[in-house]
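The values are calculated or read from the model by the stated rules, or taken from the named source; none is laboratory data. Being a predicted model, the structure only gives us computed values, none of them experimental. In this analysis, Cβ positions are derived from the backbone assuming ideal geometry, glycine residues included, and neighbour counts consider all displayed protein chains. These area figures cover heavy atoms from the full protein model, side chains too; ligands, DNA and RNA do not enter into them. Shrake-Rupley method; radii C 1.70, N 1.55, O 1.52, S 1.80 Å.
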Amino acid sequence: MFLGKKQSNLPSAAAEEAETLQYYAQIQAPATLAAFRTKFGFPNSEVTATYYNDGDLGIGREMHCRSFPVPSQPDGVACYVSNYAEQLNGVPVFGGSSAIALADAVSRTNEFATVAMVFTPPANTANSVQFMVYDAQGALAPKAQLDNAADNTFVPGNCLTCHGIRATYNPVTNSVSAQAKFLPFDVFAFRYSNAPGFTYAEQANALRSLNDLITRTSPTTAITDFITGMYAPKAVSDVTAMANDTYVPTQWKQTKQKGLALYNGVVKPYCRTCHMSAGDGSAFLDQAVFEAYAPIIKTEVCGSGTTRTMPQAEHVMRKFWKSGARAYLDLGLNLQSHCRP
């Protein structure tokens, strides 16, 4: 992600890496990916899927998730995702060729990093959601580059830009607030390989199972609404449920056609992935609330220089400015702005 803003209280890269190591110590992060897999019971009963995340980072992803028992609590959920991308002089290109990224992901070659997340109930406690990053050799890494600019590599700070836009990190206690969230799998925002076993059709049930696991991680109302709507009329836990690409929140369906165009042309492809992590109005479940954000949107999307910070994912921002979304935004919110790249 373009996860552009550094932690204000961590002024240097060295300080950020030191803080990341303190955070890892606090959450007792396994020192290697192999140790992480062992600790959380992989590969037993795991669910896995491979895709190119075109709606977020613009990289190939090899996702693995499973539930695990927690004493006197509901089960927890652990996931790790190995990342693949087109590389230029050995450096991964975010938003690069999906064909190259998918080919590597399918063949399990040239991975450049693995990101891990764990949800351990109870949900209303600090560090109930934890973040870890492992390098290409499987060693715990003190930073994570999630875009081409590498302006923000602090773990877990850069993770929270999408996995909890209302979450905070406390450097005194080395803890992430309870607002950190697992995100749902927006299966229609992904690209898939044509290789046998890796097409969307062949992975649809695995992706459904992954979304079912997300419902067990204390999701926000917006995440629950999204998963429920995407698999309606059946429950996501139903093995016969099939995803549909017609989901629109109820508070948008009841509006005029212009409202639907605003949601489908702007919110759906460029906003909701991260904003669903919010537990308040900025989750954009309601058109009236989205419209109330118009002055902020005008500055943070259509502004210039340092005021333009949205969409925060670098790959998504590029796609936004190559699309007609700014016209939907300008007209739908009556911004009276040129809203130009």
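Some points to look at:
- For region 280-298, the set of residues classified as open to solvent by less than 70 Å² (accessible area, probe 1.4 Å) and part of a helix (DSSP H, G or I) consists of GLY281, SER282, ALA283, GLN287, ALA288, VAL289, PHE290, ALA294, ILE297, listed by residue number.
- Scanning region 230-244 for residues that are part of a helix (DSSP H, G or I) and either touching a residue at least 24 places away in the same chain (Cβ under 8 Å) or open to solvent by 50 Å² or more (accessible area, probe 1.4 Å) (or both) returns a single hit, MET230.
- Pair list, Cβ < 7 Å and 6+ apart or interchain, from region 246-265 residues that are under 17 Å from THR221 (Cβ atoms) and at pLDDT 85 or above to residues that are outside any loop (DSSP other than H, G, I, E, B) and of a type in the set (D, E, K, R): PRO249/ASP225
- Enumeration of residues in region 160-193 that are of a type in the set (S, T, N, Q), out of contact with any Leu (no Cβ under 9 Å at 6 or more places or on another chain) and open to solvent by 40 Å² or more (accessible area, probe 1.4 Å): ASN170, THR173
- Conditions (1) farther than 25 Å from THR273 by Cβ; (2) open to solvent by 20 Å² or more (accessible area, probe 1.4 Å): number failed by GLY138: (2)
- Residue match in region 163-178 (condition: under 21 Å from CYS65 (Cα atoms) and under 15 Å from the mean Cα position of the chain (by Cα)): yes
- Cβ-Cβ distances below 8 Å connect the following pairs, each with a first residue in region 312-341 that is within 17 Å of GLN257 (Cα to Cα), a second residue that is acidic (Asp, Glu), and a separation of six or more residues or different chains: LEU333/GLU291.
- Taking residues in region 175-201 that are over 30 Å from SER128 (Cβ atoms), and partners anywhere that are of a type in the set (Asp, Glu) and open to solvent by 30 Å² or more (accessible area, probe 1.4 Å), the pairs with Cβ atoms closer than 8 Å and at least 6 places apart or on different chains are PRO196/GLU202.
- Selection within region 69-92 - in contact with a strand residue (DSSP E or B) (Cβ under 7 Å, 6 or more places away or on another chain) and surrounded by fewer than 17 Cβ atoms within 10 Å (Cβ to Cβ): PRO69, VAL70, ASP75
- Out of ASN152, ASN158, sole residue that is in a loop (DSSP other than H, G, I, E, B) and under 20 Å from GLU19 (Cα atoms): ASN152
- Meets criteria (open to solvent by 20 Å² or more (accessible area, probe 1.4 Å) and at negative phi) for THR224: yes
- Failed condition for ALA327, given (1) part of a loop (DSSP other than H, G, I, E, B); (2) more than 24 Å from LEU57 (Cβ to Cβ); (3) not β-branched (Val, Ile, Thr): (1)
- Scanning region 307-341 for residues that are at positive phi and at pLDDT 80 or above gives a single hit, ASN334.
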